1. Which percent of the Cα-Cα distances in the stretch 4-74 go past 17 Å?
2. Given Cα pairs under 8 Å that are at least 6 residues apart, what percent is the relative contact order of the stretch 1-101?
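Derivation of every value follows stated rules applied to the coordinates shown; laboratory data play no part. Keep in mind that this is a model prediction, so the values were computed, not measured.
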Amino acid sequence: MDNFETWLEQKFLQWQSARGKRGSIREFSEWLRSDQKLVAHWMRGVRKPGPENARVLALKLGLEVYDVLGLPRPDPDFFRIQTVWDALPERERMVVTLYYHEELTLREIGEILDLSEGRICQIFAQAVGRLRDALGVSVKPRAPSAGKRAADARKAPSATKAVRV
């Protein structure tokens, strides 16, 4: 394939064929989750996507976009995790981020999001379940303790581990 514009045009035609009807650049852009003006520029050869936009395109069009653009392909495991994370609803990403990155308790997260601690626990469990299922992890993690931060829970000695004196 000679250039990115030709490759993207072929992907556009394949997308239309899969839909069974013609589509506009606007509809294609929405499906790609990209800005319509950017996609139009890419298709006309005005500019090419950078690494972040290549990642967005790869989510829908495949990793070969990196080859066509002459960019290094991302680590497959990292790309898979990014893809799964991006597919989570925003609220679930927020709860997991606040819990693990900001080390807030479920109660504190509930106060921030104006939801009950119980509802935050449900959202957290749903997010972890989706991540586990999508990544093929079979071990079920323990539910977070309501009054403990993520870091505190990781530091606590396990009841099954022998404590050396």
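1. 35
2. Rounded, it is 23 percent for the stretch 1-101.
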